[in-house]
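Peer 1: I have a structure here, written as structure tokens, and I will follow up with some questions on it.
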Amino acid sequence: MKDIFKGVAIKIVSLIIIIVILCGGGFLLYRNFANNLSDTIKHETANNVEIVREKLQETAELNTGSYLCTDVLTRADSRKFKDWKIPFTEKSFIVSYDGVVKAGIKDLTKAKVTESGNTIIVRLPEVEITETSIDNDSFEKLDESNNIFNPISIEDLNEAQKELKEKMVDRAIEKGVLDIAESNAETIIAGMLENSNDDYEIKVEWE
């Protein structure tokens with residue numbers, strides 16, 4: 001009788017040991033699977049963020065707004081001795097130029113890319129004036145009063161161009177070129193970074 005109970009006890013203990021081993025093995029397998037799955041998800045997210053960063057770096061500068069204008073500038077001056085204008089040395093001219101003011105993001109590599117769930121958040125630097133250029137072929141001298149004692153020089157025309165560019169920038173900003181550039185940048189960048197596999201969504205924000 002004792003042998004019977006002893007045999008049954010051994011079987012029960014053995015069964016318990018087998019169950020414990022199976023449960024332990026199953027737990028280890030589950031833990032390993034969960035860790036691998038987590039690593040895979042993190043790796044995919046990291047890859048998605050890197051993909052977006054690379055696309056932004058490839059583009060670098062992005063001009064998304066422009067303002068075309070024709071501007072007229074009048075300049076007049078005289079030779080001076082200290083604060084006194086020397087008589088009969090006055091010169092003046094009126095010139096006209098066509099130009100363009102461009103606005104956008106100068107350096108897209110400064111954009112900050114992060115992830116939240118399945119959304120990639122792109123924080124862009126502020127838009128700014130990226131270029132101001134004058135079409136020299138459009139130059140037109142509307143009026144001129146030269147002076148043999150104080151002739152119009154190349155330096156005068158260069159200064160006039162510099163002043164014209166400043167006027168063009170002020171007018172472009174007044175006409176809303178920065179707002180236009182910002183709105184267009186959101187649309188263009190969202191389209192440029194669009195994910196065809198629906199692995200993530202793009203959200204554009206501003207600094």
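The values are calculated or read from the model by the stated rules, or taken from the named source; none is laboratory data. Owing to the predicted nature of the structure, the values given are computational and were not obtained by experimental measurement. Please note: Cβ atoms are built from the backbone with ideal geometry, for glycine as well, and neighbour counts cover all protein chains shown. With ligands, DNA and RNA removed, areas are computed over all heavy atoms of the protein, side chains included. Shrake-Rupley method; radii C 1.70, N 1.55, O 1.52, S 1.80 Å.
Peer 1: Of the listed pairs Lys110/Lys203; Lys55/Lys112; Lys112/Lys175, which have alpha-carbon separations greater than 20 Å here?
Peer 2: Going by Cα-Cα distance, Lys112/Lys175 fall outside the 20 Å limit.
Peer 1: Right, another one. Please find the FRET efficiency linking Thr114 to Val72, where r is the Cβ-Cβ separation and R0 is fixed at 41 Å, and quote it to the nearest 0.05. Provide the component values of the computation, followed by the final result.
Peer 2: Numbers: r = 48 Å, r/R0 = 1.18.
In this case the efficiency is close to 0.25.
Peer 1: Rolling a 1.4 angstrom probe over the protein chains, ignoring ligands and nucleic acids, what is the accessible area of Thr187 in square angstrom, nearest 10?
Peer 2: Using a 1.4 Å probe on the heavy atoms, I get roughly 100 Å².
Peer 1: Accessible area, 1.4 Å probe, largest first: how do Leu68, Leu108 sort?
Peer 2: On the way: Leu68 130, Leu108 0 Å².
Reading off the accessible areas and sorting them downward yields Leu68, Leu108.
Peer 1: Run the quick spin-label model on Ile154 and Ile51: label points 7 Å from Cα toward the beta carbon, then report their separation in nm to one decimal.
Peer 2: 5.4 nm
Peer 1: Here is a further query. Please give me the summed charge of the neighbours of Val169: other residues whose Cβ is under 13 Å from its Cβ, Lys and Arg +1, Asp and Glu -1.
Peer 2: Working: positive: Lys102, Lys162, Lys165, Lys167, Arg171, Lys175; negative: Asp71, Glu128, Glu131, Glu163, Glu166, Asp170, Glu174.
Result for the local shell: -1.
Peer 1: According to a simple spin-label model (label point 7 Å from Cα along Cα-to-Cβ), what is the distance in nm between Trp206 and Glu163?
Peer 2: Result for the modelled spin labels: 3.3 nm.
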